[in-house]
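Okay, structure first, notes after.
Values in this text are rule-based calculations from the coordinates and carry no lab data. Predicted model only: the values in this text are computed from it and were never measured. Don't worry about glycine lacking a Cβ; one is built from the backbone with ideal geometry, like all the others, and counts go over all protein chains shown.
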Amino acid sequence: HAKAEGRDVRRYFADVMDQHVKLRARIEDDLRSALKRERGLKVLYQPQVSAADGTIIGLEALVRWHHPTHGLILPDQFIPIAEETGLIVPLGEWVLRQACETSLRWPHLFMAVNLSAKQFHSNKFAERVIKIVRDSGADPRRIELEITESVLLGDPATREALKALREAGFRIALDDFGTGHSSLGYLRQFEVDKIKIDRSFIKQLGQGSDKNSGPLVEAIVALGHTMGLTVTAEGIETDQQREFLASRGCNELQGFLFSEAVTADAVADLIRASMRPVSKAVSASLDRN
Ligand code: C2E
Ligand code: MG
Ligand code: MG
Ligand code: MG
């Protein structure tokens, strides 16, 4: 009896696993064809603002996928599949191309693009990135490449590619800072220009139950500055969080308090709106023309 039950349980898990594998294979096929036809995928842009005065200084490109039957799929759900299947290479380059084109609309802003560690393993990665950006007419010095710790801890070829990209003028931002597992030793090697404090630290700020996040965030800002790095905080949702970070000298802020990721046209509206208080008369006369 017990033996039969064990068999049922194993059969059950085998079925579940089988469905899981099939679903992933379907998503892989769908993603491949979305890329090929350039249908369903789009890039949205989230503003990054100066902590000192709230003006928009940069944008982060964030990919979205509208699946024909499953609806909106967020990157946390399909980027891992893209990484496992190698599709991240063409997908990442498509996002980079879109972001570069969009960046030409606002020569005074920087444009940040996320890169997966997997992309660094592809052949001639740095050369291809440099070519895509040059072909678009964008200036590499205004393109910021967001990487995670795994890139800094990568193999020699990966480190070499990162070095080549920095030498070509790209700025490097270390994303999700504080969530990794390694030592801080890599910051000593001056391979990055900016750290982005992970949202999980910001979320706890000002919550009575958490007494450690404040001092921790403050220490991260100070650490970054000691190393000569720009410090950005992600996931700012409240005025309280904004004030905390601004008063500690954090340079840049990003989060729903300012805007979620929106279309390029909506960014244009945000920029126009943020200019309005400077001179109502000037923007009114611009609107008339
Ligand atoms: P990330 O690079 O850390 O991007 C920030 C994520 O936090 C975005 O989620 C953004 O929408 C979200 N976010 C921003 N402000 C707030 C806030 O105030 N509150 C909350 N709750 N969330 C906020 P998204 O767009 O879903 O992207 C998730 C992750 O997927 C990104 O994290 C990034 O690691 C990855 N990703 C997105 N686009 C790309 C891409 O083109 N290439 C690669 N390789 N990864 C990407
Ligand atoms: Mg990012
Ligand atoms: Mg992040
Ligand atoms: Mg991330």
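Things to note:
- Other-chain or far-sequence residues with amide H under 5 Å of Gly255's (modelled H): Gly235, Ile236
- Binned Cα-Cα distances of the chain, short to long, each 10 Å bin given as a whole percent: 6, 24, 30, 23, 11, 4, 1, 0, 0
- Note on the chain: Lys pairs 8 or more places apart or on different chains, Cα atoms under 23 Å apart, count 17.
- Remark: the chain carries a charge dipole of roughly 520 debye about the Cα centre, counting +1 on each Lys and Arg Cβ and -1 on each Asp and Glu Cβ.
- Backbone phi angles across region 221-230, fed through the Karplus curve with coefficients 6.51, -1.76 and 1.60 (θ = phi - 60°), yield HN-Hα couplings of 4, 5, 4, x, 5, 4, 7, x, 9, 6 Hz in residue order; Gly and Pro are listed as x.
- In terms of the mean number of neighbouring beta-carbon atoms within 10 Å, the peptides 86-98, 65-77, 114-126 order highest first as 86-98, 114-126, 65-77.
- GluC sites (Glu not before Pro) restricted to DSSP loop in region 1-47 with at most 10 other C-beta within 10 Å: Glu38
- Applying both filters, DSSP loop and at most 16 other Cβ atoms within 10 Å, to the chymotrypsin sites (Phe, Trp or Tyr not before Pro) of region 129-198 gives Phe190.
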